[in-house]
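The structure under discussion appears below in the form of structure tokens.
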Amino acid sequence: MDLIEDRMGNQWGWWGDPEVVATAGVVTGSHLDSVPDGGAFDGPLGVVSALLAIDQLRSDGFTPRRPIAIVNFVDEEGARFGISCLGSRVITGALSPDKARDLRDAEGVTLAEAMRGVGRQPEHLGPDPESLGRIGSFIELHIEQGRALIDLGQAVGVGNRLWAHGRWRIEIPGEANHAGTTRLSDRRDAMIGCARAVLAARVAAETHGSLATVGKISIQPGGVNAIARSATAWLDARASGETALRSTVAQIEEEVASLDAVVTEESWTPQTAFDDALVNRLANLLDGAPVMSSGAGHDAGILANAGVPAAMIFVRNPTGVSHSPAEWADPEDCYAGAAALATVLAEFAGAAQ
């Protein structure tokens, strides 16, 4: 395949030349990065399955009429710089290049500095209509990050919708002091405020039928015998509807307001409905595979919100666990997913005459 790398570093492998074919291409793929201590399937399964699907089509003697591409989007999980789907957000314009360049990791290194350190050119970041214009439809295969396919007894499903989700940074002030000499009544312990924020997230989620998680906390100065002068907690919140999600976050903000906490929205992705015609076509092609929504975020959702016809194929996860080493997919189900993807690519790309 012919490799093209866009200005964000996303990698596109093309079978056929997208510049000479009048009809936009059929694109599949996912991402290769993971969360800290994550599993082996979230992201890589989509890239590997795409390669297997292309191998299958070629071994069958198939030559596409429309070009087919496999894409590896960079930094989908946002593990280093805090914003998920960074590669697709930048090229679609969902994230401004200035904000992207100024993102900092836990060590204070900016994205711009990290890019220059490996020979990239951060000044070239920005929307990439040329890359997006080559996509006629995008089908992302992904491990299921839940138990729906287990309950349905199906190896493969079709994704039609993603929940609204976002990330917020909660900064809680305190006063540094000695853990052994400061009376409890004299303390202004940021860690106590942080604990209140964590518990408030759980209560708000239960109240509004949403999901809210504080999975990352930074405490300063971080000494065992020191009272915390500040705490920063990162909130991940999701819901099937945007009203429920906004209400969840508003309740958390109200709870931490008395702590003089500052809540900053770092990313927001609205509820995403995939292209109905595309979803129905996939379900029909795959012998009535079940249609399902997902609470996880994906590059397919970012592209869909940018106007690209997109949908997803999910592969059963018998553990129901994700973002963990326990994440798994049986080989037979992986092969079923790759075969389903090959069927879809062949149908969408059409055979050359």
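Looking only at the stretch 95-114, which residues are assigned to a strand (DSSP E or B) and either more than 20 Å from Ile83 (Cα to Cα) or out of contact with any Lys or Arg (no Cβ under 8 Å at 6 or more places or on another chain) (or both)?
Once the filter is applied, which keeps residues that are assigned to a strand (DSSP E or B) and either more than 20 Å from Ile83 (Cα to Cα) or out of contact with any Lys or Arg (no Cβ under 8 Å at 6 or more places or on another chain) (or both), the stretch 95-114 yields only Arg104.
Evaluate the stretch 86-94: report whether one residue or more is assigned to a loop (DSSP other than H, G, I, E, B), touching a strand residue (DSSP E or B) at 6+ places or on another chain (Cβ under 6 Å) and surrounded by 18 or more Cβ atoms within 10 Å (Cβ to Cβ). No - not one qualifying residue is present in the stretch 86-94.
Under the condition of being assigned to a helix (DSSP H, G or I) and among the aliphatic types (A, V, I, L, M), the residues counted in the stretch 317-341 number 5.
Considering the stretch 305-316, and only residues there that are surrounded by 24 or more Cβ atoms within 10 Å (Cβ to Cβ) and touching a Phe, Trp or Tyr at 6+ places or on another chain (Cβ under 6 Å), the residue that is farthest from Val279 (Cα to Cα) turns out to be Ala310. The set of residues in the stretch 309-335 that are closer than 22 Å to Val71 by Cβ and among the small types (Gly, Ala, Ser) comprises Ala310, Ala311, Ser322, Ala329.
In the stretch 153-186, the residue that is nearest to Asn317 (Cα to Cα) out of those that are of a type outside the set (Gly, Ala, Ser) and surrounded by fewer than 15 Cβ atoms within 10 Å (Cβ to Cβ) is Glu175. Within the stretch 4-25, the only residue that satisfies the criterion of being in a strand (DSSP E or B) and more than 27 Å from Pro97 (Cα to Cα) is Trp15. Can we say Ala69 is in contact (Cβ under 8 Å) with a residue 24 or more places away in the chain, in a strand (DSSP E or B) and either buried (at least 21 other Cβ atoms within 10 Å of the Cβ) or on the phi > 0 side of the Ramachandran plot (or both)? Yes; evaluated as a whole, the condition is true for this residue. If you check Leu162, Leu152 for being within 21 Å of Ala239 (Cβ to Cβ) and modelled with pLDDT of 95 or more, only one passes: Leu162. Restricting the first member to the stretch 306-324 and to residues that are assigned by TED's automatic domain parsing to the domain that holds Leu141, and the second to residues that are among the acidic types (Asp, Glu) and surrounded by fewer than 17 Cβ atoms within 10 Å (Cβ to Cβ), the beta-carbon pairs closer than 9 Å and six or more apart or on different chains are Arg316/Asp330; Pro318/Asp330; His323/Asp37; Ser324/Asp37. With respect to the conditions (1) surrounded by fewer than 18 Cβ atoms within 10 Å (Cβ to Cβ); (2) in a helix (DSSP H, G or I); (3) in contact with a Ser or Thr (Cβ under 9 Å, 6 or more places away or on another chain), Arg246 falls short on a single one, namely (3).
For the structure I just gave you, tell me whether Thr92 is of a type in the set (S, T, N, Q) and within 16 Å of the chain's Cα centre (by Cα).
In short, yes.
Would you check if Thr264 is outside the structural domain of His31 (by TED's automatic domain parsing), within 25 Å of Glu77 (Cβ to Cβ) and buried (at least 16 other Cβ atoms within 10 Å of the Cβ)? Spelling it out, it is not the case that Thr264 is outside the structural domain of His31 (by TED's automatic domain parsing), within 25 Å of Glu77 (Cβ to Cβ) and buried (at least 16 other Cβ atoms within 10 Å of the Cβ).
The values are calculated or read from the model by the stated rules, or taken from the named source; none is laboratory data. Predicted model, so just to flag it, every value in this text is computed and none were measured. For neighbour counting, all protein chains shown are included, and Cβ atoms are generated from backbone atoms with ideal geometry for every residue, glycine included.
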